[in-house]
Amino acid sequence: MNKVSGLARLLEAGHFGVTCEIGPPKGVAVDTLSEKGSWVKGYVDAANVTDCQTAVVRLSSIAAAVHLKSLGLEPVVQMTGRDRNRIAIQSDLLGAYSLGLRNVLCLTGDHQRFGNHPEAKGVFDLDSVQMVEMVRRMGDPGEFLCGEPIRGELPVFFVGAVENPFAGSPELRVRRLAKKIEAGAKFIQTQCVFDLEGFRRFMALVRARGLDRRCHIVAGVTPLKSARMARFMRDQVAGISIPDKVVNRIEAGADPAATGVDLCVEQICELRRIEGVTGVHIMAINWEQVVPEIVRRAGLYPRPAC
């Protein structure tokens, strides 16, 4: 069994990483999951498997990750604190490691009121910073959160977290990023970047604190499929900054989807020029089949072998 994350090897070798996101199905049939995996295989270094995103019940992220791994993809298991306490999270992590999964992304999780079971009781025993530290401690020094030693082989994960450069003051976001890195995060995936100038200011603060030298910063991008999607994300999704010029360009395009892909490719090319950015995370929402085109046109294909 491979004991080391392939994503970790690639990033630590200095390659510019490419990850994407795949949402599990709202049921047990995995045909669509396998289809999505086949679209992105060979074009990304790892695929995030979401954990009941937007608090909607879906196939377990761990189970979905195992299915994708069987296709030859490198999964990143997302795990939220919304639905599990520390006992359940650590148990699931042991199970994930035993199944050959080596990458974990820790999130607090969307509040249950946004999902299809708004009456559910949220757990939120640990926030994302505390989860990162717990996952790190399981691998080094090799103990549960209570301090009890883990027996036998230690579950050494490549542990990551998320950051939103646009949710409030950039200084405060960088401070929170520093906490996650101190807790043990080895890679960070950001919220989707449309405001490049704002992101450059954020990265300048990151570099000023030397955080880019302690952690891999993977910038998020999302291809906009329509003007309606662009307006909705700008006006209704908290923590996303989309300049009006981006929305106007999508609205003016003869083919909005094609314009959205053009814009995404341009954004990736700009992000690659920003010091401290070591990869991109493509969040093609219900549009995974466009990932290969984006990767090719951005000059990121073929992917390196690590």
Taking K3, K179 and counting other C-beta atoms within 10 Å, the order from fewest to most: K3, K179
Convex hull of Cα atoms in the stretch 1-146, direction-averaged projection (nm²): 9.1 nm²
Amide hydrogen neighbours beyond the local backbone of H216, cut-off 5 Å, H modeled: F187, I188
Relative contact order of the chain, pairs being alpha-carbon contacts under 8 Å that are 6 or more residues apart, as %: 19 percent
Centre separation in Å (Cα based) which lies between the stretch 125-158 and the stretch 166-183: 22 Å
Taking C269, C192, C146 and counting other C-beta atoms within 10 Å, the order from fewest to most: C146, C269, C192
With Cα atoms, 0 to 90° folded angle of helix 170-183 axis to the chain main axis: 30 degrees
Quotient of C-alpha Rg and 2.2 N^0.38 Å, computed over the chain: 0.96
For the stretch 236-300, projected area of the alpha-carbon convex hull averaged over all directions, nm²: 5.4 nm²
D127, D244 arranged by Cβ crowding within 10 Å, fewest neighbours leading: D244, D127
Sequence-distant residues sharing a close amide H with E143 (under 5 Å, placed H): M138, I150
Flagged links, alpha-carbon separation over 19 Å, of K36/K180; K121/K180; K26/K225; K41/K69: K36/K180; K121/K180; K26/K225
Rounded tilt (10° steps) of 256-272 against the dominant C-alpha axis of the chain: 60 degrees
Antiparallel DSSP beta bridges within the chain, percent to nearest 5: 5 percent
Degrees between helix 196-208 axis and first principal axis of the chain (Cα, 0 to 90, nearest 10): 40 degrees
Potential lengthening between Y301 and A120 on full extension [0.36 nm per residue; Cα-Cα distance subtracted]: 60.8 nm
Structure-based [θ]222 nm, the chain - -39500 (n - 2.57) summed over DSSP H runs of at least 4, per residue, nearest 500: -12000 deg cm²/dmol
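Read-outs: derived from the displayed coordinates by stated rules, not from any lab. Here the structure is a predicted model, which means the values were calculated and not measured. Note that we place each Cβ from the backbone using ideal geometry, even for glycine, and neighbour counts take in every protein chain shown.
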